[in-house]
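So the structure is just underneath, and the comments pick up after that.
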Amino acid sequence: MTKTDFMAMALEQAQKAADRGEVPVGAVMVDPDKNQVVASAGNEVEATHDPTAHAEMLVIREAAASHGSTRLAGFDLYVTLEPCPMCATAISFARLRRVEFGAYDPKGGGVEHGAKIFSQPTCHHRPEIFGGVQEQEAAALLKEFFASRR
């Protein structure tokens, strides 16, 4: 599978989240050594009444549980929206190798915008970051979702 395939899977998870009435964000955790998806999820904040049930948090939890470790060094995260500060901090704590995200989030992002978690001197670990991956598709999902609610 390719990086494009992994982001396409994250976009599918985002669409499923939107279909459930969740903000359409999807994430996929990949073990690149095995070229294998180890976890995938879309937002579940509304369904679970849990403000931490962001797609990124869900795949980090699932991957850590299945891997039997809080450290996911070497794993890559594909997510359709720039991670918020909470998710960026969890990414740092999990020691992910790389984060590839779709749409930028000037209002709530924590990587390229806002808190810029990985740029802080107190950040424990800085993954490689690639933003704007399939940005148009990811942004379109979000725009459609919020337009339908206005």
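The values are calculated or read from the model by the stated rules, or taken from the named source; none is laboratory data. Fair warning: this is a prediction, and the values are worked out from it, not measured in the lab. Positions of Cβ are backbone-derived with ideal geometry, glycine not excepted, and every protein chain shown enters the neighbour counts. Surface areas here come from the heavy atoms of the whole protein model, side chains and all, with no ligands, DNA or RNA. Shrake-Rupley method; radii C 1.70, N 1.55, O 1.52, S 1.80 Å.
List of remarks:
- Separation of the residue 140 and residue 119 label points, Cα + 7 Å toward Cβ, nm: 3.0
- Accessible surface calculations at 1.4 Å, restricted to protein heavy atoms, place the chain at 49 Å² per residue.
- Nearest-0.05 FRET efficiency for residue 126 and residue 62, computed from C-beta distance (R0 22 Å): 0.45
- Were the residues from residue 73 through residue 149 laid out at 0.36 nm apart, the gain over their Cα-Cα distance would be 23.5 nm.
- With helices as the sole contributors, the chain gives -11500 deg cm²/dmol at 222 nm; each DSSP H run of n ≥ 4 counts as -39500 (n - 2.57), and the sum is divided by every residue.
- Given charges at beta-carbon only (K, R positive; D, E negative), |dipole| of the chain in Debye: 340
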